[in-house]
Amino acid sequence: MAGAALLSVLLGLAACGGSTALPGEPGGPPALTSAPPPVVQTAGVTPTSGPSSAAASEPGATPAASATVSGSPAVVTAPAAGGATSSKPAGATATATASASGAGGGSPAGLTGSFASLQARLSGPAGVALVPVGGSGKTVVLGELQTGAAWSTSKVPLAIAALGSPTSQTSDAARRAITASDNQAADQLWRQLGGGSSAASAVDKVLRAGGDGVTHTQPAVVRPPFSAFGQTSWTLTNQAGFAAHLPCMSGATQVLGLMRQVDGGQQWGLHRLDGAALKGGWGPSSGSGYLVRQLGVVPVEGGQVGVAIMVDSPGGFEVGVRDLNAIADWLKTNRPALPAGHC
């Protein structure tokens, strides 16, 4: 019984989307014990690094997908992944939706079909949202998973809010909260803002300045031992829209720079894209899976794009990271088709 209690405590510390320890260290998330499989490109097949040999080897797995582009539906359907090695329940399907307005970028309908093929190789449901920098123009939304707890991605607006009224310790705390996803540093920033409703209100002001008029920062702890702000519900669309405003926001320059300097333990997913600024977050999902997500700003042809990606993996943190690596590789391959914008 004592051993089980100790294991429970250690898992709780590792799941809060960041810690003073890097993956594999005491109190940190699990170590990445092996490198993701290499990207293999086959004619007519979107490259992917696949989360594991079991998931990647599922034969003929292509989930259902739907897309709406400028009001015109386009539907792609195929059987869901099957076989005894599949981590998805029998009969499960994945959906992908793309919406667009304005000009620029490539074909969202094409991205939808391509993402559906990738989804079949991931360990669990996933989602992507893409908003051109500046917040106007085409928006692309893909995948069936579109909302969840923010976890440590919430440290981005938190750090911006704290740096708006800094103390002598704010810059160092913001650096640690963003580059190392240090929870103690983030708690320090939260207390600096007054904690509770006062801090939540300050972070909400940053969200509004970043074009997110919907998301409300969680002011109180609702899921001990995890932070209040980390349990904020943040949709991928709203998060990508916020990311798309970061290069244009007054007061966000320092944090955006820190997002390009993440420590080794944070260098996965969007970090695989040259020039990306990013922040990750992770923790147990509301079901039996493990939520791993990132927000970022990525240079693309013709400008930059705000990105939010997420997976709910039944395989835990390590498999979720591999899934985000695969999504990042997919984004790299499809870079010419991604929506682009400027401040």
Next item on the list: Search segment 279-296 for residues that are touching a residue at least 24 places away in the same chain (Cβ under 8 Å) and polar (S, T, N, Q) and pair each with any residue that is crowded, with 24+ Cβ neighbours inside 10 Å and assigned to a strand (DSSP E or B) when their beta-carbon atoms are under 6 Å apart and the residues are at least 6 apart or on different chains.
Entry: Ser285/Leu291; Ser285/Asp312; Gln294/Leu278; Gln294/Gly280; Gln294/Ile309
Notebook entry, point to check: So how many residues does segment 259-268 have that are free of Cβ contacts under 8 Å to residues at least 60 places away in the same chain and either of a type in the set (A, V, I, L, M) or more than 20 Å from Leu158 (Cβ to Cβ) (or both)?
Noted result: 1
Note to self: Suppose the filter is surrounded by fewer than 24 Cβ atoms within 10 Å (Cβ to Cβ), out of contact with any helix residue (DSSP H, G or I) (no Cβ under 7 Å at 6 or more places or on another chain), of a type outside the set (Ser, Thr, Tyr) and part of a helix (DSSP H, G or I); does Pro299 pass it?
What the structure shows: no
Note to self: Give all pairs with beta carbons closer than 6 Å in which a residue from segment 244-258 that is outside any helix (DSSP H, G or I) meets a residue that is surrounded by fewer than 17 Cβ atoms within 10 Å (Cβ to Cβ); count only pairs at least 6 apart in sequence or on separate chains.
What the structure shows: Gly251/Gly164
Next item on the list: Report whether or not Gln218 is of a type in the set (S, T, N, Q), touching a residue at least 12 places away in the same chain (Cβ under 8 Å) and more than 19 Å from Pro132 (Cα to Cα).
Entry: yes
Note to self: Exactly one condition in (1) closer than 14 Å to Ala252 by Cα; (2) assigned to a helix (DSSP H, G or I) is false for Asp172; which is it?
What the structure shows: (1)
Checklist line | One residue from Leu324, Leu291, Leu278 being outside any loop (DSSP other than H, G, I, E, B), crowded, with 20+ Cβ neighbours inside 10 Å and touching a His at 6+ places or on another chain (Cβ under 9 Å) | finding: Leu278
Item checked: Flag if Ala243 is within 25 Å of Lys332 (Cβ to Cβ) and either small (Gly, Ala, Ser) or modelled with pLDDT under 95 (or both) -> yes
Check: Among the residues of segment 193-228, which ones are hydroxyl-bearing (Ser, Thr, Tyr) and in contact with a helix residue (DSSP H, G or I) (Cβ under 8 Å, 6 or more places away or on another chain)?
Finding: Thr215, Thr217, Ser227
Next item on the list: Please state which one of Ala220, Ala129, Ala161 is part of a helix (DSSP H, G or I) and aliphatic (A, V, I, L, M).
Entry: Ala161
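The values are calculated or read from the model by the stated rules, or taken from the named source; none is laboratory data. Being a predicted model, the structure only gives us computed values, none of them experimental. Positions of Cβ are generated from backbone atoms using ideal geometry, with glycine treated the same way; all protein chains shown enter the neighbour counts.
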